[in-house]
1. Looking at S89, S95, S135, S110, can you tell me which residue is in contact with a helix residue (DSSP H, G or I) (Cβ under 8 Å, 6 or more places away or on another chain), open to solvent by less than 20 Å² (accessible area, probe 1.4 Å) and polar (S, T, N, Q)?
2. From I250, I286, grab the single residue that is aliphatic (A, V, I, L, M), open to solvent by less than 60 Å² (accessible area, probe 1.4 Å) and closer than 16 Å to G93 by Cα.
3. Which of the residues belonging to segment 165-179 are of a type in the set (K, R) and touching a Leu at 6+ places or on another chain (Cβ under 7 Å)?
4. So how many residues does segment 233-247 have that are exposed (fewer than 14 other Cβ atoms within 10 Å of the Cβ) and part of a strand (DSSP E or B)?
5. Give the residues of segment 158-171 that are over 9 Å from the mean Cα position of the chain (by Cα) and not in a strand (DSSP E or B), sorted by residue number.
6. Show me the strands (runs of 3 or more DSSP E) found entirely inside segment 75-157 where at least 1 residues are at pLDDT below 90.
Amino acid sequence: MPVIISTNISSTQDKGMDANYNRALNLLKSNPPEQTLDLKLSRAKYLQLENAFLKLYPESLELRYPSLSYNSFTETVTVVTAPGNIHESVASGISSVIEVDAKQYLSTYSRELAATILGYGSTTARRFRGAFEGSRKQPDGGVRYKSLDGQKVTLVVEVGFSENYARLCRSKDMWIDGHGVNVFILVCLTERPRFKNPTTVLNETLRLNLSNNRHALYLYRGHKWAGELKEAFIEIWRAGSTISSRFYLIQNGHTCDELPTTLGIRTSDLFPDHVWQASNIADRVIPFDAKKAAQEEKVAAEE
């Protein structure tokens, strides 16, 4: 008996991929503010999209937004268009605190070792391994070790809103399992209502509604530039562990009464294991000013 193979399923999948490709490409072309799109694309289709992206934005290696990332394990492409300052402000603030403190501590022992700690962010990473080989990703912030012997991204910070928590967790898997970072810092914010960037140019002074230590919104001509920051927490994920540590900074619109003084990040976390062991320097927990961080998140949301 002849075997009859139906091509309907394959044809439907191809049409779906084509539709997703066109949606992603159209968003890259229009580049409206504050848009994020997750779509399923095969590796071949993603490479086609990446090629179109490079033609649209030849300067894309230096361009922060729009951004294009790809998770080869889940076959998910993510397009992010120009956001508010909150992502970069929060991530760079946390990264900078960690980097500066580590450099100050290490410089008392070895200025050469201190100089190997550098900030990391707004750089597209491609050297993913295992199930994530072929992926492409930009972190919001981070720290890397760099010397004549090589370099390694050791810590990554990514910021997102509560509805994107699942995406942040997928990013965590990419960076830890696929790129070998030691620590992933996840910052999750809940804003009500969500910020929507107006399309008109605004030159007048914004009015701040703020009372009772609440992280409130900015208004301009009735437009809500930033919603009230209802909740903000930080999760610390480590390589080799399936359990995270969560620290709340803001709950129910108020700064928490008991704020953490450290996130548990250690100086040794910023180095490859063999480099730190060879240094013979006593390890140290890096302090964290949670009150200042909560205030900076509020200000970033308002901006």
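The values are calculated or read from the model by the stated rules, or taken from the named source; none is laboratory data. Since this is a predicted model, take the numbers as computed values, not measurements. Using ideal geometry, Cβ is built from the backbone for each residue, glycine included, and neighbour counts are taken over all protein chains shown. Calculation scope for accessible area: heavy atoms of the full protein, side chains included, ligands and nucleic acids excluded. Shrake-Rupley method; radii C 1.70, N 1.55, O 1.52, S 1.80 Å.
1. Within the list S89, S95, S135, S110, the selection yields S135.
2. Only one candidate passes the filter, namely I286.
3. Selection gives K172 alone.
4. Residues meeting the conditions: 2.
5. Once the filter is applied, which keeps residues that are over 9 Å from the mean Cα position of the chain (by Cα) and not in a strand (DSSP E or B), segment 158-171 yields S162, E163, N164, Y165, A166, R167, C169, R170.
6. By residue number, 76-80.
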